[in-house]
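For reference, the structure is listed below as structure tokens.
What follows draws every value from the coordinates through simple rules; no lab data is involved. These figures come from a predicted structure and were not determined experimentally. Every residue, glycine among them, receives a Cβ derived from its backbone with ideal geometry; neighbour counts consider all protein chains shown.
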Amino acid sequence: MAVAQNNNQSAAPGLRDFAAQGAVFDGLMHTLRSGNYVHAYLICGISGVGKRTLARLMAQYILCRGVKDEEPCGQCPDCIRFLDGTHPDVTYLRPEKERKNIVVDQIRELVAMAGEHTYAGGRRIICVEQAEKMNPQAQNALLKTLEEPQAENVFLLLCEDTALLLPTIVSRCRVVKLHPWSEKVIMSALERAGAPMEHREEAAMLSEGSIGMAMSMAADTEFWDRRAQVMADFFSLTARWQILQVSNLWKDRRDQAEELLRDVEEMLRSLWLSHTGLLDERGIAGFPPAWRQLAREGDDAAFSRLLDAVFEARRRRENQVTWQAVVEGLLTHMTEEIQPWLK
Ligand SMILES: [Zn+2]
């Protein structure tokens, strides 16, 4: 990624950082530069791919009344108020904390405001985050506004999956589809953000194209400590007699059961992804050699048995089997499966 240099926040992403997204982004930049904004954009893509970042940059660009080309100027009164979070013509809507959905009353308020003149005399940005959380009534209320656009308003709708929106909403918007990022882009974003060096590569691999996930993963020391512990206890056994030792360590940690099972499952999944070629071998570099060899040379059935063993462990836990016995069962399956690969 190129480093944005025309504002003071060189570590913060700029619009040009989205250029690696290709043609969709070129088209978007073209409309932004020309000032011929459409009245509604629908920015979609996986969680952590940069939808909110792009929406904020677009919002600032549209509001900016300074000299701008590739990036907003960062210095005009509109930019300054936007960056301060005090611009009067910017509204964000997301599900309220206590509710799962965006409800029709929230949209009605928004629609009423959209009918009034803007405070600053320029454009108004209305950003609906997690737009798929609008219930059908709310979507219908919004649809009316999208069908009768007002020149001042630019709607930015964000969603992970357009299939969850009414087709009539999607068809009223210019869809900007963000693709998962390449490992190279994510590595350079991690570097710019100063993420801990020792976790960058693995975080980039495991995040599957989500910059947001890679960033939070790389900085999450608890995650790496836990992973190291699970690696040592569950992926390093070489003989059956060690099973009891490990299950003794874990027998009083029932409160961490769900987390542990999820970690084991995710780690098995990484091995399986590497087995299928979907994850580079460097993504499993931290596993002991026998597990890496299983990933290279084992068969699909081994992975389905291992993932079944985690499923079985969950089921037994729900059926009130003692936690220590659940751990022993899981370890037995894992130790059996890895035996042929131990030298
Ligand atoms: Zn500006």
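Structure values in brief
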read-out	value
The chain - mean residue ellipticity at 222 nm from DSSP helices (-39,500 (n - 2.57) per run, n ≥ 4, rounded to 500)	-16000 deg cm²/dmol
The chain, relative contact order [Cα under 8 Å, separation at least 6], %	16 percent
Global form of the stretch 170-265, assessed from the alpha-carbon gyration tensor, a/c cut-off 1.5	prolate
Using a Förster distance of 25 Å, the FRET efficiency for E312-L278 (Cβ separation, nearest 0.05)	0.50
Residue among A309, I284, A295 farthest towards the positive dipole end of the stretch 220-341, charges placed on Cβ	A309
Too-long pairs where the Cα-Cα distance tops 25 Å, listed order kept, from K51/K133; K133/K177; K97/K184	K97/K184
Estimated vicinal HN-Hα couplings, Hz - the stretch 96-110 in sequence order (Karplus 6.51, -1.76, 1.60; Gly, Pro = x)	5, 3, 7, 10, 8, 10, 8, 9, 4, 4, 4, 5, 4, 4, 5
In Hz, Karplus ³J(HN,Hα) per residue of the stretch 332-343 (6.51, -1.76, 1.60; θ = phi - 60°; x = Gly, Pro)	4, 4, 5, 5, 4, 5, 8, 3, x, 9, 7, 9
The stretch 64-141: GluC sites (Glu not before Pro) in DSSP loop, at most 15 other beta carbons within 10 Å	E70, E96, E98, E116
Rounded to the nearest 20 debye, dipole of the stretch 220-341 from Cβ charges on Lys, Arg, Asp, Glu	240 debye
Computed magnitude of the charge dipole of the chain (debye, nearest 20; Cβ of K, R +1, Cβ of D, E -1)	440 debye
Sequence-distant residues sharing a close amide H with Y41 (under 5 Å, placed H)	F155, L156, L157, R174
For the chain, the longest site-free run once chymotrypsin sites (Phe, Trp or Tyr not before Pro) in DSSP loop states with at most 14 other Cβ atoms within 10 Å are removed	120-240
GNM flexibility winner over the chain from S270, S34, S210 (Cα, springs under 10 Å)	S34
Calculated from backbone phi, Karplus (6.51, -1.76, 1.60) coupling profile of the stretch 244-259 in Hz, x at Gly/Pro	5, 4, 5, 5, 5, 5, 9, 5, 9, 10, 4, 5, 9, 4, 4, 4
Most fluctuating residue given options K97, K177, K68, as computed from a GNM of the chain linking Cα atoms under 10 Å	K97
Distance histogram for the chain (every C-alpha pair counted, 10 angstrom bins, percent rounded to whole numbers)	5, 21, 24, 20, 16, 11, 3, 0
Gain upon complete extension [L244, D220; 0.36 nm per residue less C-alpha separation]	5.6 nm
Viscosity 1.567 mPa s, temperature 4 °C, Stokes-Einstein D of the stretch 263-343 from Kirkwood C-alpha radius, µm²/s	99 µm²/s
Rounded if a/c under 1.5, otherwise prolate or oblate - the stretch 53-203, Cα gyration tensor axes	oblate
Residue-span extension gain [V175 to D255] - 0.36 nm each, minus C-alpha spacing	24.4 nm
